[in-house]
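Before any comments, here is the structure.
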Amino acid sequence: MKLTRWVRATLVGARSSSAATQVELQEGTKRKTMRSMNCILTMIAVSLLIAPIAMPKAAGGAKPVAGPTTESAMAAEDELTRAMRDNDADGIARCLSDDWAVISARGGVGEGKSIFPDGIKSGYLTRKTFEASEPRVRLYGNVALVTTKLHTAGMFGGKPFNVMERQTDVWLWKDGGWKCVLTHETFEGDPPPRA
């Protein structure tokens, strides 16, 4: 009888010891699993915080166009100046609105964005010089006024010209970009004699 009690006590002790070991193993595994989960959740949270900062750099640093700015208006003016200087008829047309108009330094009015491009393509107008300086940009909502001092020279209708002007371009922000809607020219100093 003593032997059976001893065996029973040993077996019960072994069972309870085994159960205790299993509980300890399960508790240790639960702690490791919880630590792993906490680590993963922390990494996800940090990634979500860093992603908005890193994304623009990954996209080549390109900034989305937020709307009209003095900087973007001046960039549009620079693009038009380059096209005029290079006698780039298509480049000029890209910068002008369909209903663009020009008020010449002598007071004439020309309408339609094809005036300069057609003159260049036909050879009637060829610029050798088109240098803009002293830019002044004023922004009024989606309208920008860009005034520059301008030295322009070349051939017009087979006759040479070489003049200094002040020119104001009126730019309209539409569909995410600038289009020049009006150019107003004025001679700087005395107007040159008519050719």
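The values are calculated or read from the model by the stated rules, or taken from the named source; none is laboratory data. Keep in mind that what you see is a predicted model, and the values were worked out from it rather than measured. When we count neighbours, we look across all protein chains shown, and the Cβ atoms used for this are built from the backbone with ideal geometry, even at glycine. Only protein heavy atoms, including side chains, enter the accessible area calculation; ligands, DNA and RNA are left aside. Shrake-Rupley method; radii C 1.70, N 1.55, O 1.52, S 1.80 Å.
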Working only within the stretch 144-161, note down all residues that are under 23 Å from Gly189 (Cα atoms) and surrounded by fewer than 13 Cβ atoms within 10 Å (Cβ to Cβ).
Lys159, Pro160
Which of the residues that make up the stretch 179-191 are touching a strand residue (DSSP E or B) at 6+ places or on another chain (Cβ under 7 Å) and open to solvent by 30 Å² or more (accessible area, probe 1.4 Å)?
Lys179, Val181, Leu182, His184, Thr186, Phe187, Glu188, Gly189
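Taking Gly154, is it assigned to a loop (DSSP other than H, G, I, E, B) and either in contact (Cβ under 8 Å) with a residue 24 or more places away in the chain or under 18 Å from Arg106 (Cα atoms) (or both)?
no
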